[in-house]
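Participant: I have a structure I would like to understand better, so I am pasting it below and will then ask my questions one at a time.
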Amino acid sequence: MKLTMNNYFKYISLPIFLLFSSQSIAVTVSDGIEAIENDDNAGAVKIWSELASSGNTIAQYNLATHYTSGHGVKKNPKKADKWLKGATRSGLIQAYLHLNSKAVAPAKGMTLSFYIDPEVWLQKQEGNKYTIQIASSRNKKSIERSYKDNNFKGEGGYYHYARDGIDRYGLIYGTFKTVAAANKAIAQLPKHLRKKKPWVRKIKSLQNISK
């Protein structure tokens, strides 16, 4: 079965946690999707492998499908089972089956990419992880524009909070298991974002202050 745009779901909005536990900023889910669109299954496997190893649940599931189908990589049931279990522990498979109530099992070769609204993205993440705060501003439109211009869709979001009685908005990107992993990702950010002097934040602390 050939992987095409017709046999995977792209940007399904779900009010539950599905995206990104820990990731490298060097490659993204969007890169994996682009590889599939270009019929580059081997390239997609490489991208999913890097993201999956960092804890990205979407990539873990997608990588499992490649090991099951043999597209872009030699079939390996043991590795497929390993990555499928990783995604399941994060609730991805249960959520998928809940969304598709008639499904018995995911179709072979299916690639998933779920989209969460940027204004609720923060609340869907695990509080014990870390994220990168890219910027903070009193101008919500400026934050929204930066989110869009940097193509953070599905990989970050923005939140509303108050400081000294003044409403502000923070732009955040990615989730990471450790501060060290987040700092490493900061070093890999594009130059124009590094100039903003992004910093690491504990997700739980942001969830506590966000409105």
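The values are calculated or read from the model by the stated rules, or taken from the named source; none is laboratory data. No experiment lies behind these values; they were computed from the predicted model shown. Neighbour counts run over all protein chains shown; Cβ positions are idealised from the backbone, glycine included.
Participant: Output the residue which, of all residues in segment 161-186 that are over 25 Å from residue 145 (Cβ atoms) and aliphatic (A, V, I, L, M), is surrounded by the most Cβ atoms within 10 Å (Cβ to Cβ).
Facilitator: By that ranking, first place goes to 181.
One line per residue, one yes/no per condition, for (1) in contact with a Pro (Cβ under 7 Å, 6 or more places away or on another chain); (2) polar (S, T, N, Q); (3) within 18 Å of residue 121 (Cβ to Cβ):
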residue	(1), (2), (3)
159	no, no, yes
163	no, no, no
166	no, no, no
175	no, yes, yes
206	no, no, yes
210	no, yes, yes
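Participant: To continue, here is another question. Suppose we filter segment 41-58 for residues that are in contact (Cβ under 8 Å) with a residue 12 or more places away in the chain and either farther than 19 Å from residue 130 by Cα or of a type in the set (D, E, K, R) (or both); how many remain?
Facilitator: Counting residues in segment 41-58 that are in contact (Cβ under 8 Å) with a residue 12 or more places away in the chain and either farther than 19 Å from residue 130 by Cα or of a type in the set (D, E, K, R) (or both) gives 9.
Participant: Being farther than 26 Å from residue 55 by Cα, modelled with pLDDT of 90 or more and either in a loop (DSSP other than H, G, I, E, B) or not basic (Lys, Arg) (or both) is the filter here, so list the residues in segment 163-193 that pass it.
Facilitator: 166, 167, 169, 192
Participant: In segment 48-69, which residue that is β-branched (Val, Ile, Thr) and farther than 23 Å from residue 126 by Cα is surrounded by the most Cβ atoms within 10 Å (Cβ to Cβ)?
Facilitator: Among those that are β-branched (Val, Ile, Thr) and farther than 23 Å from residue 126 by Cα, it is 65.
Participant: Pull up segment 120-162, narrow it to residues that are in a loop (DSSP other than H, G, I, E, B) and over 18 Å from the mean Cα position of the chain (by Cα), then point me to the one that is farthest from residue 204 (Cα to Cα).
Facilitator: Per the criteria, the residue is 139.
Participant: Moving on to the next point. Can you tell me which residue in segment 194-211 is nearest to the chain's Cα centre (by Cα), limited to those that are among the charged types (D, E, K, R) and in a helix (DSSP H, G or I)?
Facilitator: 204
Participant: Which residues, counting only those in segment 138-164, are farther than 23 Å from residue 191 by Cα and among the small types (Gly, Ala, Ser)?
Facilitator: Residue satisfying the conditions is 162 alone.
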